[in-house]
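Report on one structure; see the data block that follows.
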Amino acid sequence: MTTAKRAPYLQVFKTFLRNSLVREMTFRSNFVIQCISSLSWTVMNLGFYLLIFSHADQIGPDTGWGKYEFFVFLSTTMFINTFVQAFFMPNAQEFSELIRRGNLDFALLKPIDTQFLISLSKVEWSACANFMAAGVLFIFSVWQLMARPENPLSLSWFAIVLYLFYLACGVVILYSLMISLAATSIWLGRNQSLYNFWFYITNFARYPMEIYQQGWGLPLWFLFTFIVPVLVVVNVPARLMAQPVAETSPSTTFLAVFAVVATVGSFVASRWIFTRALLSYRSASS
Amino acid sequence: MRIMADSYARRSRSSDSYFRRNKDFQTSLNGAGLYQNPVISSNVVHVLVSLLGILSLCAGQLPTYNRLLMSLIEIKNLAKTYRVYQKKEGLGASLRGLFHREYREVQAVRGINLRVEQGEFVAFLGPNGAGKTTTLKLLSGVINPTEGSATVMGHIPWKRENPYRRRFALVMGQKNQLWWDLPAQESFRLHQQIYCVEPARFQRTLDELSELLDVGNLMKQPVRELSLGERMKMELIAALLHSPEVLFLDEPTIGLDVVAQHKIQQFLKFYQEKRKITILLTSHYMKDVAALCKRVVVINQGQIQYDGSLTGIVDQFSGHKIVTLQFGKDDSISGLERFGEVLEIQPPKAKIRIERTRVAKNLATILSDHSIEDVVVEDPPLEQVIAEVFAQVGGHEDQDNPDEHSRVMD
C-alpha cells in the first residue's frame, strides 16, 4: 500500500510568505500607506503613555511598573499584536467570507490540515513596520533599565529565552481565541464582530494585571486570567523581562506555569471548536 | 458461462482502479505521459489483477474479493437535508423572527443510488436546484450527508482523508480557487507542494496542460487580468496538476463564449480518453453533454429520474415525432388538426406533432389525401424533451418513489 505522504508544511508556509509578499508588492502604495498608518497609531500610543508618565512615576504604588518597565510591557504588547496581525488576522477575517460565499470548499479538498491552510495562507507584511518599531522601543527601554544607577537590570540568556518562549505562548493564546471566534461563523453564517472583539480583548490585555487586582476589578481579573486567559498573554513575558526581581516570587512562578497550561488548553480547545464547526459546514450555493 | 465471463471482466476492470492505489504503480502510469497510449499498460494491469483476483479467491480472502467487485463510485440512498430559516415579509415579522423562528426542511438530495465504473464520463442533468451540485459536494467530502452512504475509490468522501483528497479534484465554474492578485503560476506552485508532486513531473504535467489549453503565455499574468475563459482553463490546470483519478466538474463552461466552451470540451474529451480517468460533470449546456458523455443521469428535485444514454431520453420521455410536410402547389393545407398538434403552417410547409404510435397510419392517410412533395419525420429537439421531463416530473413529484424512476445502468 501507499506509504503515507505528508504535505511539507514548512515549504508550504514559505510559499504563503512568498506569495503574500509578491501580492503586497503588486500594490505598492497600499503597502506604504498601511505601514504609515499603523506606525502613526503606535507613535500616538507612545505619546499618550509619555504624557501619563509625566503625571506619575509608576502605575500604582509598589507595582514595579515604572516608565521604562512599562515601555518594555508596551513593546511586548506590540510584538505579540503585530505577530497576530501579520499572520492570523487577515486569515481569520477572510475565513468568515470563505464560509459565507462557500469558498471554504477548496480548502476542504486539499490534502493538508484545513486549520493550517486557512490560518496561515495570507500574511500581512506591512505589520513588519510596527514590529521594528516595537523592537526599537524594547531595546531602548531595556537599555535604560540596565543603565539606571539604582537596581539596574541584569539580562541573562535564560531570561531572553524565557521571554521569547512566553511571547510565543501569548501568540498561541490569542491565535486560539481568534480562530475559535472565526470558526463560530460557520454556525452563525456571518460573524462581523471579529474586529470589534479583537479590539475589546486586546484592550484588556494591554495593561499590567495589577490594575485589576483590587476592588471590583477582581472579577475582571479572574475572568481574563482564568476563563479567557488574555491577561496572561503580555503580562507573563513582560514581567519576566522587566521585573526579574519578582521572578522568584510565588505569584510569578504560579503565573508562569499557568501560562503554559493556558496555552496548551487554549490551543486544544480551539482545535476542538474548529473541527466541530467544520462538521456543520453547509457550503453556499454554487 | 456468459455470466461468469461478464463478472470476471467487471471484476478485473474495477480492481484495476483498486490496484492503482499502489504508489509505485501510480507513478509509473503517470510517468507514461499524456501522449503515450495507456492501453498497453492497462492490459498488463488486467492480466496482473486477474491473477491477483484468482489467487485471492483461492485463498478464500473474502474481503479482498468484495473490494475487487466494488464500482469506482458507489452511492446508496444518499440524502442531504438542509434546515432553512423561513423568513417572513415585513419588519414586524422580522422582529418576531428574532425570538421565534420557523424552519423549513429543504431536501436537496433524496435517496440517490448510483454506480459509476472506472473510466466513465457521466453527465448530471437537471434544472437549477435539482441537487446536482449537492451530490458533487457530497462526493468530494465538502459536506456531510444526512443519510445514506457513498464510496469513491474505496474511500468515504466526508471523512476527508488525505489519501483520498490526493486522488480526486473538483472544479466549480462559479467559484475560483486561484489567488486572485497573483499569476496562476504561483498558485500552481502551491498546489505542487500541497499535493507533493515531484518537481520534474509537475513541470512536465504543467507544460502538457498549458500546451493543450493554449495558455502558455498567460502563466505570468495576474489571475484578475484574465478573461473568464482563460481563468477557467487555469482552474482546470490547477485541478489536474496532481493527476487526479476522479474529476468532478460543476458547470465548467458556465458563462463562456462558444469558442471557449468548445475548446474546453475538446480538452476534456482528449484528456479523459488519454488518461482514462473518471469524470462526473454537471452542465446546463446540452452541447457539453452531447459532446462528452455517453451516459446521462437526469436529476430532479433530489432524485434520479433517468440513467442511460442521451438519445435514450427522447425514446423514453417523448411520445411524439415532429413531421414536416411540403405540400404540392395546388394543394390546400387544411384539416391537419385531426392528425396531431399543428405547430406551424408556412405554405407550402406545415409542421405537425404526431403521437409516435400513430405516425405511420396518419402519414399514410395524409399521403393519400394530399399531394405531398417532401416529408421529414424527426424527434423533437433534445433540449425541449428535457425541459418537458423537468416540468413533468416536477408536477407529480411528491407521490413518486425514487426507485421507480431510477434505472441503474450496469
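Which members of the stretch B:229-284 meet the condition of being small (Gly, Ala, Ser), in contact with a helix residue (DSSP H, G or I) (Cβ under 7 Å, 6 or more places away or on another chain) and closer than 24 Å to B:Leu138 by Cα?
B:Ala238, B:Ser243, B:Ser283
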So, in the stretch B:87-129, how many residues would count as being within 29 Å of the chain's Cα centre (by Cα) and not charged (D, E, K, R)?
20
Filter the stretch A:242-261 for residues that are open to solvent by 10 Å² or more (accessible area, probe 1.4 Å) and touching a Ser or Thr at 6+ places or on another chain (Cβ under 9 Å); which is modelled with the highest pLDDT?
A:Phe258
Identify, please: which residue in the stretch B:63-96 is farther than 25 Å from A:Arg282 by Cα and touching an Asp or Glu at 6+ places or on another chain (Cβ under 9 Å) and is, among those, modelled with the highest pLDDT?
B:Leu72
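Take the residues in the stretch A:92-105 that are part of a helix (DSSP H, G or I) and open to solvent by 10 Å² or more (accessible area, probe 1.4 Å); name whichever of them is farthest from A:Trp272 (Cα to Cα).
A:Arg101
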Within the stretch B:349-359, residues under 36 Å from the mean Cα position of the chain (by Cα) and open to solvent by less than 40 Å² (accessible area, probe 1.4 Å) come out as B:Ile352, B:Ile354, B:Val359
Using the structure shown, decide if A:Leu117 is surrounded by 18 or more Cβ atoms within 10 Å (Cβ to Cβ), within 14 Å of chain B (Cβ to nearest Cβ) and modelled with pLDDT under 90.
no
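Residue-by-condition table, conditions (1) within 30 Å of A:Leu46 (Cβ to Cβ); (2) touching a helix residue (DSSP H, G or I) at 6+ places or on another chain (Cβ under 8 Å):
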site: A:Pro90; (1), (2): yes, no
site: A:Leu117; (1), (2): no, yes
site: A:Ser121; (1), (2): no, yes
site: A:Ala127; (1), (2): yes, yes
site: A:Phe131; (1), (2): yes, yes
site: A:Glu150; (1), (2): yes, no
site: A:Ile160; (1), (2): yes, no
site: A:Leu188; (1), (2): no, no
Restricting attention to the stretch B:79-88, does a residue exist that is closer than 28 Å to B:Glu383 by Cα and more than 14 Å from chain A (Cβ to nearest Cβ)?
yes
Residue in the stretch A:60-72 that is surrounded by fewer than 22 Cβ atoms within 10 Å (Cβ to Cβ), farther than 30 Å from A:Arg282 by Cβ, β-branched (Val, Ile, Thr) and more than 10 Å from every other protein chain (Cβ to nearest Cβ) present:
yes
Scanning the stretch B:118-172 for residues that are open to solvent by 10 Å² or more (accessible area, probe 1.4 Å), in a loop (DSSP other than H, G, I, E, B) and within 8 Å of chain A (Cβ to nearest Cβ) gives B:Asn144, B:Arg160, B:Arg166
Name the residues in the stretch B:208-222 that are more than 27 Å from the chain's Cα centre (by Cα) and part of a helix (DSSP H, G or I), would you?
B:Gly216, B:Asn217, B:Leu218
Can you spot a residue in the stretch B:197-211 that is under 19 Å from A:Arg18 (Cβ atoms), more than 11 Å from chain A (Cβ to nearest Cβ) and open to solvent by less than 50 Å² (accessible area, probe 1.4 Å)?
yes
Over the stretch B:360-384, the set of residues farther than 13 Å from B:Val323 by Cα and open to solvent by less than 70 Å² (accessible area, probe 1.4 Å) is B:Thr365, B:His370, B:Ser371, B:Leu382
Options A:Glu94, A:Glu124: the member that is within 14 Å of chain B (Cβ to nearest Cβ) and either in contact (Cβ under 8 Å) with a residue 60 or more places away in the chain or over 18 Å from A:Leu17 (Cα atoms) (or both)
A:Glu124
Please enumerate the residues belonging to the stretch A:197-217 that are open to solvent by less than 80 Å² (accessible area, probe 1.4 Å) and part of a helix (DSSP H, G or I).
A:Phe197, A:Trp198, A:Ile201, A:Thr202, A:Asn203, A:Phe204, A:Ala205, A:Met209, A:Glu210, A:Ile211, A:Tyr212, A:Gly217
Take the conditions modelled with pLDDT of 90 or more, farther than 30 Å from A:Val32 by Cα, within 25 Å of the chain's Cα centre (by Cα) and open to solvent by 30 Å² or more (accessible area, probe 1.4 Å) and apply them to A:Val161. Does it pass?
yes
Scan the stretch B:275-304 for residues that are in contact (Cβ under 8 Å) with a residue 40 or more places away in the chain and assigned to a helix (DSSP H, G or I) and jot them down.
B:Arg275, B:Met286, B:Asp288, B:Val289, B:Ala290, B:Leu292
Restricting the search to the stretch A:115-153, which residues are out of contact with any Cys (no Cβ under 8 Å at 6 or more places or on another chain) and outside any helix (DSSP H, G or I)?
A:Ser121, A:Lys122, A:Val123, A:Glu124, A:Trp125, A:Arg148, A:Pro149, A:Glu150, A:Asn151, A:Pro152, A:Leu153
Number of the condition not met by B:Gly312 [criteria: (1) within 13 Å of the chain's Cα centre (by Cα); (2) closer than 30 Å to B:Gly148 by Cβ; (3) not in a loop (DSSP other than H, G, I, E, B)]:
(1)
Checking the structure you have, find out if any residue of the stretch A:21-44 is open to solvent by less than 60 Å² (accessible area, probe 1.4 Å), farther than 23 Å from B:Pro183 by Cβ and of a type in the set (Val, Ile, Thr).
yes
Can you say whether B:Arg115 is more than 18 Å from B:Gly302 (Cβ to Cβ), in a strand (DSSP E or B), more than 9 Å from chain A (Cβ to nearest Cβ) and among the basic types (Lys, Arg), as far as the supplied structure shows?
yes
If A:Leu167 satisfies all but one of (1) part of a helix (DSSP H, G or I); (2) surrounded by fewer than 18 Cβ atoms within 10 Å (Cβ to Cβ); (3) away from chain B (no Cβ under 14 Å), what's the number of the condition it fails?
(2)
Being more than 13 Å from B:Asn176 (Cα to Cα) and outside any helix (DSSP H, G or I) is the filter here; which residues of the stretch B:228-252 pass it?
B:Leu241, B:His242, B:Ser243, B:Pro244, B:Glu245, B:Val246, B:Leu247, B:Phe248
Give me a count of the residues in the stretch B:173-196 that are open to solvent by 40 Å² or more (accessible area, probe 1.4 Å), modelled with pLDDT of 90 or more and within 7 Å of chain A (Cβ to nearest Cβ).
1
Go through the residues of the stretch A:6-21 one by one and say whether even a single one is touching a residue at least 60 places away in the same chain (Cβ under 8 Å), outside any helix (DSSP H, G or I) and within 14 Å of chain B (Cβ to nearest Cβ).
yes
Pull out all pairs, ordered by first then second residue, where Cβ-Cβ is under 6 Å, the residues are six or more apart or on different chains, the first lies in the stretch A:61-82 and is more than 20 Å from A:Phe165 (Cα to Cα), and the second is among the β-branched types (Val, Ile, Thr).
A:Trp65/A:Ile59
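The values are calculated or read from the model by the stated rules, or taken from the named source; none is laboratory data. Owing to the predicted nature of the structure, the values given are computational and were not obtained by experimental measurement. With ideal geometry, Cβ positions are generated from the backbone for all residues, glycine too; neighbour counts draw on all protein chains shown. In case anyone asks, the SASA skips ligands and DNA or RNA and just uses the protein heavy atoms, side chains included. Shrake-Rupley method; radii C 1.70, N 1.55, O 1.52, S 1.80 Å.
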